[in-house]
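For reference, the structure is listed below as structure tokens.
The values are calculated or read from the model by the stated rules, or taken from the named source; none is laboratory data. The structure displayed is predicted, hence computed values, not measured ones. Methodologically, a virtual Cβ is constructed for each residue, glycine included, from the backbone with ideal geometry; neighbour enumeration extends over all protein chains shown.
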Amino acid sequence: MTDKAVTHMDIHEILDHLPHRYPFVLVDRVLSLEVEKTITAVKNVTINEPFFPGHFPYHPVMPGVLIIEAMAQAAAILSFKTMKAKPSADSVYYFAGIDKARFKKPVSPGDQLILIVNIDRILRGIWKYSGQALVDGEVVAEAEFMCILKAIK
């Protein structure tokens, strides 16, 4: 294993590399990460999620935009690890665009989302990614997206 490969990150290290906090942290564990390349992370979907009481209460489904957000949070972890940096109060990691988003199957309480995100390119501070979310080995969502780290002060 090189210093570019990470085989595991628990929630404490994830919180160290994400600016998000409860109830908006959508990554529970990192299974693997290779800086400048790829991350595989996990989101455990539980009935206790704050969006389920209002999102089809009689047939709870995770909103597709939150699945894309989970992929973006995994991408942020990958990016901060690649930059050898951590989030700070001086900047925000924003979406710059989302393309080719497809939702193939609903995600329900009890599902475990496996988030696979790859860096496609980095150009002038804009990071482009491709991502997939899987449940039980089946793709439930996919998208291409761009993010940018912007100074706020």
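Checked against (1) modelled with pLDDT of 95 or more; (2) more than 26 Å from H55 (Cα to Cα), S91 passes all but condition (1). Of the listed requirements (1) within 24 Å of D136 (Cα to Cα); (2) exposed (fewer than 12 other Cβ atoms within 10 Å of the Cβ), S108 misses just one: (2).
Restricting region 49-64 to residues that are closer than 15 Å to F103 by Cβ and touching a residue at least 24 places away in the same chain (Cβ under 8 Å) leaves a set whose member that is surrounded by the fewest Cβ atoms within 10 Å (Cβ to Cβ) is V61.
Of all residues in region 134-146, those being in contact (Cβ under 8 Å) with a residue 40 or more places away in the chain and surrounded by fewer than 19 Cβ atoms within 10 Å (Cβ to Cβ) number 1. The residues of region 14-36 that are acidic (D, E) and farther than 19 Å from E69 by Cα, listed by number, are E34, E36. Does V117 meet the test of being modelled with pLDDT of 95 or more, closer than 12 Å to I68 by Cα and surrounded by 13 or more Cβ atoms within 10 Å (Cβ to Cβ)? Here the answer is yes, as V117 does meet what is asked.
Scanning region 1-42 for residues that are within 14 Å of the chain's Cα centre (by Cα) and part of a helix (DSSP H, G or I) yields I11, I14, L15.
Restricting attention to region 61-87, the residues being of a type outside the set (K, R), at pLDDT below 95 and part of a loop (DSSP other than H, G, I, E, B) number 2. Considering region 71-101 alone, what residues qualify as being without any contact (Cβ under 8 Å) to a residue 60 or more places away in the chain, touching a Gly at 6+ places or on another chain (Cβ under 9 Å) and crowded, with 19+ Cβ neighbours inside 10 Å? Hit for region 71-101 is A74, nothing else. The single residue among T46, T40 that is among the hydroxyl-bearing types (S, T, Y) and either surrounded by fewer than 16 Cβ atoms within 10 Å (Cβ to Cβ) or under 18 Å from K86 (Cα atoms) (or both) turns out to be T46.
Yes or no: F103 among the hydrophobic types (A, V, I, L, M, F, W, C), farther than 29 Å from H12 by Cβ and at pLDDT 95 or above? Yes; evaluated as a whole, the condition is true for this residue.
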